[in-house]
Amino acid sequence: MNNSPQAANKGFTKAFWVSNTVELFERMAYYAVFIVLTIYLSSILGFNDFEASIISGLFSGGLYLLPILTGAYADKIGFRKSMITAFTLLTIAYLGLGTLPTFLESSGLVTYGSTTQFNGLPQSSERWIIVPVLVTLMIGGSFIKSIISASVAKETTEATRARGYSIFYMMVNIGAFTGKTVIDPLRDQIGDQAYIYINYFAGAMTFIALLAVILLYKSAETAGEGKSMADIGRGFLRIITNWRLLILILIVTGFWMVQQQLYATMPKYVIRMAGETAKPGWIANVNPFIVVCCVSFVTRLMARKSAITSMNIGMFLIPISALLMACGNLLGNDLLGSMSNITLMMILGIVVQALAECFISPRYLEYFSLQAPKGEEGMYLGFSHLHSFLSSIFGFGLAGILLTKYCPDPALFDSREAWMAASANAHYIWYYFAGIGLVAAFALLAFAKITNKMDKKG
């Protein structure tokens, strides 16, 4: 830790602030693309709902599984080199997502405009070129997942760590809010082509972050750099045999399965149920807006409480959020004349979901960082994201099944009436996720009581 008077006065080092700033740019890029990834896969590349959900889930899952390995490697080569590698890969991948449709159009398989006209693309194997592009994006993003959160651990003390993660999480959500804001105005102007051009915006953001790291990032914290592969292996064995961390990851997966529906289910759900004029980007932005406004307050409010206690409050809020989302399809006349009940109740549900996130996420990262031996912060914080791997695989997979069953694509039906009959129980989707959230909440409560008893006996 930098102990200079300047650092002491500010509370955090320059490396801390640079890390958090580039995280903001990375989040702007990621959420601008990820909020419409399933729509991009369907509307631009011709994948059906289930295929798009599976591809998105595998991409998101890999993005959160790889940090276990990339985090350990980042500890070895240093965070600066890791960030440069990450942002280089991300920039290449986002530009790849933008240029791939041009290649497909030149092949005569599709014509892009305000609406997409397929000329055989859904039946062509060429659309699977998306796989190596997403893999590149996944590898670059996996470095960021471990590096930035681990950098917060390296650049803070135990006394300042909760506040450090509160700032980190605020920056994450400012980036998320800004990134999601771009897509809806772009879609209003150019229709389906917005799902292509948004990738160029994302590539520009990660290129700016790359320049910032090259020019500004320097850390005095070098513990763990140059370690042998045997050292990495021993550290990895320690973490995968830590049963408390493994159980906590499994429990928190329940929360994130519900949270993932902001991207897996919500965009298609609101467009199909509320109409093409619905703006899923703006609706999704309610989440980061509430987090930015409330996370510092919640962190201060819970400062004297343990991380597990704070997390448990959030866990019991998450099933409430899912039930509120279900209510949009149950109410009669629109409560607000200018807004459908689907949109209104989705927004209310997301508000509660965001409050839950304020109680859970910063303290979860703090909990993991405190378990990490010096020099293994990247590995431990990378491992902490395993819950997002599990929730992506199961959350997106379940979303694809439930959308197909309860809220299918209107284009598959001969008439509006036939589609309305098929989607009459679309709100059932949210009952499944409310149940998952409730089970997770009680599981965390039991985890806290059992571990407290064991610690007292020990």
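Accessible surface of Lys453, taken over heavy atoms with a 1.4 Å probe and every protein chain present, rounds to 140 Å².
Summarising the amide proton neighbourhood of Val110: residues at separation of 5 or more, or on other chains, whose placed amide H is nearer than 5 Å comprise Asn119.
Here the calculated FRET efficiency for Lys405 and Val439, from their Cβ-Cβ distance with R0 = 22 Å, stands at 0.55, rounded to the nearest 0.05.
Estimate the FRET efficiency between Tyr200 and Ile77 by the formula 1/(1 + (r/R0)^6), using the beta-carbon distance for r and 30 Å for R0, to the nearest 0.05. Approximately 0.50, to the nearest 0.05.
Taking Cα atoms, how many degrees apart are the long axis of helix 229-240 and the longest axis of the chain, rounded to 10 and kept between 0 and 90? The answer is roughly 70 degrees.
Taking every C-alpha pair closer than 8 Å and separated by at least 6 residues, the mean separation divided by the residue count of the chain gives a relative contact order of 27 percent. The C-alpha atoms of the stretch 370-458 occupy a region whose extents along the principal axes are 65, 30, 12 Å, arranged from largest to smallest. For the pair Thr160 and Lys457, label points projected 7 Å from Cα toward Cβ lie 4.0 nm apart.
So between Arg416 and Thr102, what do we pick up on full extension, going 0.36 nm a residue minus the alpha carbon distance?
109.7 nm
Just to confirm my numbers, what's the Cα centroid distance between the stretch 51-120 and the stretch 174-224 in Å? Computed from Cα coordinates, the inter-centre distance equals 13 Å.
In the stretch 45-133, a dipole from Cβ-located charges (positive for Lys and Arg, negative for Asp and Glu) runs towards its positive end, and of Tyr64, Pro101, Val133 it is Tyr64 whose Cα lies farthest in that direction. In this structure Ser310 has an accessible area near 0 Å², from a 1.4 Å probe over the protein heavy atoms. Among the protein heavy atoms, those of Leu402 account for about 10 Å² of accessible surface (1.4 Å probe, every chain in place).
Once both labels are positioned 7 Å from their Cα atoms along Cα-to-Cβ, the gap between Phe50 and Trp17 label points is 5.3 nm.
For a Förster distance of 45 Å, can you work out the FRET efficiency between the beta-carbons of Val135 and Asn425, rounded to the nearest 0.05? My answer for the efficiency is 0.75. Axis angle, to the nearest 10 degrees, between helix 130-154 and the longest C-alpha principal axis of the chain: 30 degrees.
Farthest towards the positive end of the charge dipole of the stretch 299-458, among the residues Gly332, Ala411, Tyr380, is the Cα of Tyr380, using unit charges on the Cβ of Lys, Arg, Asp and Glu. Sequence-distant contacts, meaning Cα pairs under 8 Å at least 6 residues apart, place the relative contact order of the stretch 59-186 at 35 percent.
In summary, the lysines within cross-link reach of Lys145, defined as a Cα separation below 18 angstrom excluding same-chain residues under 8 places away, comprise Lys76, Lys81, Lys154.
Quick one: putting +1 on the C-beta of Lys and Arg, -1 on the C-beta of Asp and Glu, what dipole do you get for the stretch 341-458 around its Cα centre, in Debye to the nearest 20? It would help to have the intermediate numbers written out before the result.
Values: 8 positive and 8 negative charges, 119 e Å.
Using only the charged Cβ atoms, the result is roughly 580 debye.
Counting 0.36 nm for each residue step from Arg234 to Glu126 and taking away their Cα separation leaves a gain of 34.6 nm.
The angle between the Cα long axis of helix 161-190 and the longest principal axis of the Cα atoms of the chain comes to about 20 degrees, rounded to the nearest 10.
The values are calculated or read from the model by the stated rules, or taken from the named source; none is laboratory data. Computed from a predicted structure; not experimentally measured. No Cβ is skipped: glycine too gets one built from the backbone with ideal geometry, and neighbour counts run over all protein chains shown. Heads up: the accessible areas ignore ligands, DNA and RNA and are worked out on the full protein's heavy atoms, side chains in. Shrake-Rupley method; radii C 1.70, N 1.55, O 1.52, S 1.80 Å.
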